[in-house]
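The values are calculated or read from the model by the stated rules, or taken from the named source; none is laboratory data. Source: prediction; values computed, not measured. Cβ coordinates were reconstructed from backbone atoms using ideal geometry, including for glycine residues, and neighbour counts include every protein chain displayed. Ligands, DNA and RNA are excluded from the accessible area calculation, which covers all protein heavy atoms including side chains. Shrake-Rupley method; radii C 1.70, N 1.55, O 1.52, S 1.80 Å.
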Amino acid sequence: MFNNYLTTAFRSIRRNISYTFLNVFGLTLGVASCLVIFLVVRNELGFDNFNSKADRTYRVTLNAIDFNANVSVGLAPAFKNDFPELEYVTQVFYLNNMLTKVGDNRYNEKSIAFADENFLKVFDYAWLEGNRKTALTQPFSIVLTESVAKKYFADKDAIGQTVILGKQDVYKVTGVIKDVPPNTHLPFKYLLSYETVRKDFLKNMSFFYAIPGGSYLYIVLPKNYPVARLQAKMHAFIAKNWGADIAKDARLPLQPLLDIHFDQRYINNIITPTSRDTYWALAGVALLIIITACINFINLATTQAIRRGKEVGVRKVLGANRRQLIQQFLGETALLVVISVVLAFVCAYLFLPVITKWVDINISNSQLYQSSVLLLLGGLTVVLILLAGLYPAFVQSAFKPVDTLKSKSGISLKGLLLRKGLVLAQFSISQILIVGTLVVAAQMDFFQNRDLVFNKDAVIDFFIPNTAKNAVLKQTLLSNPGVKAVSFSSASPAYTTNMTAFTSKENGLTKDDVTEIKDIDEHYMDMFDMKMTAGQKVGIGPCTRNDTVRNVVVNETMMHKLGVQNPEKALGKHIEFWGIEATITGVVHDFQSESKHKKIRPCILMYDTTSFFMASVKLQPAGIHETLKRIDKECSALYPQNLFEYQFLDDHIAQMYKQEQKVYTAFKLFSGIAILIGCLGLYGLVAFAAVQRTKEVGIRKVLGASLGSIVYLFAREFTILIAIAFLIAGPAAYFMMHSWLQNFAYQVSIGMGIFFISIAVSLVIAGITIGHQAIKAALANPVKSLRME
């Protein structure tokens with residue numbers, strides 16, 4: 001009997017090749033998409049869970065005014081001394097880049113970390129060479145990742161080799177580890193021994209609020225040790241080591257390692273955190289894709305059922321019972337599903353490298369063979385067979401032999417309401433995805449291009465290795481015809497490097513608050529088109545940090561912090577920071593120096609040539625490539641010991657939203673696939689309606705109906721379905737996207753225009769899908785239509 005079912009299934013597939021193609025194509029797309037989304041979501045939600053002690057590892061953070069991931073390096077020895085019960089305490093100091101020299105080759109390396117001897121005991125990295133226990137105990141020791149070791153030394157043994165870093169410091173290679181997994185909040189290419197800098201750090205930065213950027217502290221609790229017990233001791237710990245005044249306002253939250261990538265409260269993270277909800281939303285897209293694929297299969301299967309009515313009638317006349325027919329049709333579904341799943345696995349294998357590169361996530365094809373993925377695939381196969389196969393099987397097996405052999409077309413109208421309901425669900429899903437994609441696109445545009453309040457176009461930034469040559473550098477750059485303007489500063493508008501506490505006693509602000517400090521020259525504000533609301537720009541009457549009195553420009557947020565609403569009235573007010581009193585001589589419009597995940601903070605702009613470590617160069621629109629080559633040549637001649645490296649300011653801004661860009665790209669891709677699969681289901685229902693109304697169309701044509709009126713006949717009911725779907729999808733999409741937007745301090749509004757576009761796109765998609773079958777039915781010869789029964 002099984003052989004008979006199999007033979008019949010293959011004959012049916014061969015006889016209805018177009019139906020089979022549509023069904024297999026839809027299911028293949030759906031399953032392949034779900035596989036890829038599963039890997040993406042698992043990768044993103046699994047940040048740092050490769051560590052065996054992850055559930056007991058915490059990052060010590062600071063919460064005085066902001067939630068700050070960086071803490072004083074003085075905390076580590078105090079933790080070791082006051083909490084001997086802790087299994088490990090490890091200090092990390094992270095650097096964004098450093099000049100490296102190996103032999104005659106020089107590199108500008110990024111992602112460098114100074115780490116102490118406990119670091120490799122807290123975090124699990126696959127060890128290739130060297131001794132894990134002693135690799136970082138001695139000063140000027142370095143542990144390389146595998147890819148860096150191969151780049152530096154090819155096939156040579158890396159252990160014992162030397163690497164020159166920074167100002168001619170010679171480091172000895174003491175270990176090689178596998179490349180760090182991509183889903184970690186602490187990516188690095190190599191580790192330097194913290195012993196190299198420990199004494200200098202503790203000598204200069206052990207005060208509680210002396211916080212170097214990139215300073216992170218991690219602890220590991222003993223097993224079964226409640227974190228709340230340790231957290232309760234933090235106030236007394238701060239008071240004992242740094243005094244009751246500091247303990248009054250400062251807190252040291254213990255942040256779980258597995259929450260770091262998703263906790264958006266914190267500043268100074270290496271990778272910008274993103275909400276877990278964002279990835280659950282992507283998982284929701286996968287679920288919608290599978291539902292759409294199943295609806296598509298059911299619609300196409302029930303459309304096909306009428307064509308097999310006589311087959312069912314003959315089988316029943318020859319003695320087949322309903323159970324046997326259900327087994328037959330369910331077996332045919334299973335065959336199609338298995339074929340689709342196999343093809344989906346092949347497609348996922350072939351396209352995974354392209355897709356992951358597109359969404360900027362590092363996932364290897366080997367993950368497709370993991371037991372969890374194969375288990376998911378097996379479970380998905382069973383669910384698909386049941387979801388997509390049971391209803392068509394019961395419908396087909398319920399046909400009455402007398403009716404089917406007499407070719408009564410009315411029998412196939414049974415369940416038409418359900419099929420329309422399924423298409424309604426498809427339209428609703430499609431409109432939710434269209435609205436979601438439009439909202440995310442608008443928010444991404446808002447992130448990168450709107451409300452920055454400064455001009456970022458055609459500006460490059462690069463760090464200056466020797467500020468003593470700034471005058472020569474400026475003259476050299478301005479002699480380049482491709483350079484429009486040059487400015488020196490501690491940081492361009494979209495960089496945040498300096499945070500400090502400030503007060504203003506005359507304005508009643510006696511409790512420390514946090515402000516950003518930007519040291520800028522007299523050309524900075526003009527070059528970036530920053531708008532003043534009152535007073536004078538920075539650069540009038542230059543002063544240095546050694547002065548006891550200085551003039552500063554503040555942003556509007558700082559003005560409001562001081563309790564002043566009128567910019568003119570802010571002029572002449574005083575603020576205290578760094579032990580000096582500054583006079584406000586100007587107010588500038590608020591500008592976005594951090595990502596829009598956070599509210600704009602108070603900012604002070606002032607003139608200080610000793611802090612001009614960054615050059616910002618505005619380029620002429622024409623010949624940018626040649627201009628950059630010339631700047632590279634001139635900077636290399638001026639700083640022969642360094643490699644010239646720059647970044648366009650708009651690229652830096654885009655980098656702030658890298659996590660959101662990943663999700664947006666994935667959302668666009670998979671939403672498009674879901675909509676495509678939905679179109680197949682719609683095509684199936686239109687084909688079904690065309691078969692059902694063959695006689696009606698023939699009669700209408702004989703009576704003089706035009707082509708347009710017949711196409712309208714088919715389109716009318718689907719237009720109604722789209723309108724009903726919009727009433728369902730609109731509120732659902734609004735609720736979901738409004739919830740997603742709450743992750744950002746600044747966000748777009750969800751206007752009616754987005755919903756009008758959504759329904760317009762749905763109508764266009766439906767029109768294209770319906771058009772083929774409707775026109776085909778309208779152009780059919782009415783004589784054949786009326787004789788077909």
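Quick check on my filter: what residues within the range 76-125 are within 25 Å of Ala54 (Cα to Cα) and among the aromatic types (Phe, Trp, Tyr)? Please lay out each step first, then the result.
Taking the range 76-125 as the starting set, the residues that turn out to be within 25 Å of Ala54 (Cα to Cα) are 76-96, 111-125.
Hits for the range 76-125 are Phe79, Phe83, Tyr88, Phe93, Tyr94, Phe114, Phe119, Phe123, Tyr125.
Considering each of Tyr152, Tyr171, Tyr125, Tyr194 in turn, give the residue that is surrounded by 15 or more Cβ atoms within 10 Å (Cβ to Cβ) and under 29 Å from the mean Cα position of the chain (by Cα). Full working, then the answer.
Values: Tyr152 fails: under 29 Å from the mean Cα position of the chain (by Cα); Tyr171 fails: under 29 Å from the mean Cα position of the chain (by Cα); Tyr194 fails: under 29 Å from the mean Cα position of the chain (by Cα).
Going through Tyr152, Tyr171, Tyr125, Tyr194 in turn, the sole match is Tyr125.
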Taking the range 190-237 on its own, how many of its residues are among the hydrophobic types (A, V, I, L, M, F, W, C), modelled with pLDDT of 85 or more and in a helix (DSSP H, G or I)?
6
Those residues that are within 30 Å of Gly389 (Cβ to Cβ), open to solvent by 10 Å² or more (accessible area, probe 1.4 Å) and in contact with a Phe, Trp or Tyr (Cβ under 7 Å, 6 or more places away or on another chain), I need them from the range 27-70; list them, please.
Val41
Among strands (runs of 3 or more DSSP E) lying entirely in the range 35-149, which contain 1 or more residues that are over 29 Å from Thr496 (Cα atoms)?
88-102, 105-115, 127-130, 141-145
Pairs, first assigned to a loop (DSSP other than H, G, I, E, B) in the range 515-528, second modelled with pLDDT under 90 and open to solvent by 10 Å² or more (accessible area, probe 1.4 Å), C-beta under 6 Å, six or more apart
Glu522/Gly539; Phe528/Phe454; Phe528/Asn455
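For the range 478-490, state whether one or more residues are over 23 Å from Thr627 (Cα atoms) and not in a helix (DSSP H, G or I).
Looking only at the range 478-490, we keep the residues that are over 23 Å from Thr627 (Cα atoms), and these are 490.
Still in the list and also not in a helix (DSSP H, G or I): 490.
Yes - at least one qualifying residue is present in the range 478-490.
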Only listed residue being at pLDDT 90 or above, among the hydrophobic types (A, V, I, L, M, F, W, C) and touching a Lys or Arg at 6+ places or on another chain (Cβ under 8 Å), chosen from Leu643, Leu628, Leu619, Leu649
Leu619
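Go through the range 238-252 and give me each residue that's part of a loop (DSSP other than H, G, I, E, B) and either among the small types (Gly, Ala, Ser) or surrounded by fewer than 17 Cβ atoms within 10 Å (Cβ to Cβ) (or both). Give the steps one after another, and end with the answer.
Within the range 238-252, the subset part of a loop (DSSP other than H, G, I, E, B) is 243, 250, 252.
Result: Gly243, Ala250.
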Could you say whether any residue in the range 132-143 is buried (at least 19 other Cβ atoms within 10 Å of the Cβ) and of a type outside the set (A, V, I, L, M, F, W, C)?
yes
Just one of Ile159, Ile112 is β-branched (Val, Ile, Thr) and open to solvent by 20 Å² or more (accessible area, probe 1.4 Å); which is it?
Ile159
Take the residues in the range 476-489 that are crowded, with 19+ Cβ neighbours inside 10 Å and among the small types (Gly, Ala, Ser), then tell me which one is nearest to Ser593 (Cα to Cα).
Ser489
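Look at Lys101 and say whether it is over 30 Å from Ile464 (Cβ atoms) and of a type in the set (Lys, Arg).
On the way: over 30 Å from Ile464 (Cβ atoms): no; of a type in the set (Lys, Arg): yes.
No.
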Taking the range 625-647 and keeping residues over 21 Å from Glu109 (Cα atoms) and open to solvent by less than 60 Å² (accessible area, probe 1.4 Å) leaves Thr627, Glu634
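Out of the residues in the range 80-102 meeting the condition of being among the hydrophobic types (A, V, I, L, M, F, W, C) and crowded, with 20+ Cβ neighbours inside 10 Å, tell me which one is farthest from Asn269 (Cα to Cα). Even if it seems obvious, please write down each step before you answer.
As a first pass, look at the range 80-102 and keep what is among the hydrophobic types (A, V, I, L, M, F, W, C): 83, 86, 89, 92-93, 95, 98-99, 102.
In the following step, the residues that additionally are crowded, with 20+ Cβ neighbours inside 10 Å were identified as 89, 92-93.
Working: Val89: 19, Val92: 13, Phe93: 12 Å.
Ranking the candidates gives Val89 first.
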